[in-house]
Amino acid sequence: MPIAVVTFRFDPYAHLFDGVSILWGTIALVVVFVAAMVMAGLIARADGLREDDVIFIAIGIVPGAVIGGRLEDLLLHGDDFASGASALLDPSVGGLGLGLAVVGGFLTGTYVASLLEAPVGRWLHLAAIPVLFALGAGKLTMVLTGTGQGLPSDEPFATAYLGPGPWGSLLPALPSEPSQAYEGIATMVILVLLTLALLLGAFKRHDGRLFFVGIGTWAIARAVVSTTWRDPAAWGGINAGGLVAVAIAIGCALVVVALTLRSRIASDPQTSPE
């Protein structure tokens, strides 16, 4: 197989002081999440919401994201948890699946938002852009750790990691599909398109439709990119992670339809209560 055009030879660790080393990917991920939080705070202020409440919602997202992510990892890599249910509580075993992490984080974050004064729909409208930024830019940070490599490939944009490592993928020197980059770039494109739509006056009603359109579109992109993953097919040629993404996209579409119908009924004078 030919050598990939895109090769990485750098040291994935930032060596600080007294033998302390941190992955560049970890540093980049922290920067991404801080930027997303600042972005959410600024949008909250512009929308007349309390920016301090963003912190409480962000904290509320964490337990749902962890539980959902572990459940998806169980679906994708069940053999890693063969020792029993207790392995789900062991952070050294497996990882977090992003699809159900988003679902779980949405559920617990929405619950916290429901305890605040503003309607949940306004908080979801606010969250759409920061969440997509975190998903897209966060996925791109995986390029710095060599995590998320896809199937072997001889395409000119295949990537290989030849540096000292250690890297996050098996056989990192094998030219492979940069699946993590595909998903990150696709998500950032969705973010740009939705931002342009907002600037052109779309989604004037802050009822959460922007959030579900964004997450649903992201899920479609994730399902397409999942065909390049190294995970085995589960059903219909699609792996378990791709099936989760398809289910998320369908769920988001149904919610968008329901919210649209509710909006039309509310704005119809013939159906509005007198």
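List of remarks:
- The set of residues from the stretch 215-234 being outside any loop (DSSP other than H, G, I, E, B) and basic (Lys, Arg) comprises just one member, 222.
- All conditions in (1) modelled with pLDDT of 90 or more; (2) assigned to a helix (DSSP H, G or I); (3) within 21 Å of residue 95 (Cα to Cα) hold for residue 167, with the sole exception of (2).
- Some residue of the stretch 248-271 being hydroxyl-bearing (Ser, Thr, Tyr) and in a loop (DSSP other than H, G, I, E, B): yes
- Residue 111 being aromatic (Phe, Trp, Tyr), modelled with pLDDT of 90 or more and closer than 20 Å to residue 10 by Cα: no
- Among residues of the stretch 120-147, those that are in a loop (DSSP other than H, G, I, E, B) and in contact with a Pro (Cβ under 8 Å, 6 or more places away or on another chain), counted: 2
- Only strands (runs of 3 or more DSSP E) whose full extent lies in the stretch 1-79 are considered here, and the ones with at least 3 residues that are modelled with pLDDT of 85 or more and out of contact with any helix residue (DSSP H, G or I) (no Cβ under 6 Å at 6 or more places or on another chain) are 6-8, 21-23.
- Scanning the stretch 193-207 for residues that are on the phi < 0 side of the Ramachandran plot and assigned to a loop (DSSP other than H, G, I, E, B) gives 200, 202, 204, 205, 206, 207.
The values are calculated or read from the model by the stated rules, or taken from the named source; none is laboratory data. Computed from a prediction, not measured in an experiment: that's the story for all the values here. Note that we place each Cβ from the backbone using ideal geometry, even for glycine, and neighbour counts take in every protein chain shown.
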